[in-house]
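Structure, as structure tokens:
What follows is calculated from the coordinates using simple rules that are stated; it is not laboratory data. Model, not experiment: these values are computed from the prediction. Methodologically, a virtual Cβ is constructed for each residue, glycine included, from the backbone with ideal geometry; neighbour enumeration extends over all protein chains shown.
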Amino acid sequence: MHVSQLKGSFWTAMVSIMLVIGCASYSTGSGGGNPHVAEAIAHAQEAADHGGKGHADAVVTHADVSLQHAQAATKEITNPHLDAGISELGEAIAHGKAGHADVATKHANSAVMHLKEIK
């Protein structure tokens, strides 16, 4: 085997190993690898970020999308943190609709905390 072929084989093997490790770590990240939980976390965080800027309407928008994903996740997994996250998202939406960005933000942050606990 020529040295350049050996180098190419080495790099191919290294890239393959990195891809396997990357995929494995992604599937065991927040939400236990459930794509609905991952989306719920992302949108709940967006809701909290907007709420911190006083954007109550954006809290409602993102918390609603987060809630839809969290509810979809209940069809695939059972977890008390998922239930608590859903409850907190409902509160974030209700307070956001009332224009209470500060309280809605606290509930959105709590939802993020619970959703991230899902293993």
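Find out how many positive minus negative residues lie around ALA70, taking Lys and Arg as positive, Asp and Glu as negative, among other residues whose Cβ is under 10 Å from that of ALA70.
Working: positive: none; negative: GLU39, ASP83, GLU88.
Every neighbour counted, the sum reads -3.
Give me the dipole magnitude in Debye, nearest 20, for region 34-116 about the Cα centre, with unit charges on the beta carbon: positive for Lys and Arg, negative for Asp and Glu.
Dipole about the Cα centre, nearest 20: 60 debye.
Using the Cβ atoms and a cut-off under 15 Å, what net charge is assigned to the surroundings of ASN109, where Lys and Arg are +1 and Asp and Glu are -1?
Taking every other residue near ASN109 into account, the sum is -3.
Which ³J(HN,Hα) values, rounded to whole Hz and listed in residue order, are derived for region 105-119 from phi using the Karplus coefficients 6.51, -1.76 and 1.60 in 6.51 cos²θ - 1.76 cosθ + 1.60 with θ = phi - 60°, glycine and proline given as x?
My calculation for region 105-119 gives 5, 4, 5, 5, 5, 5, 4, 4, 4, 5, 5, 6, 7, 5, 9 Hz in order.
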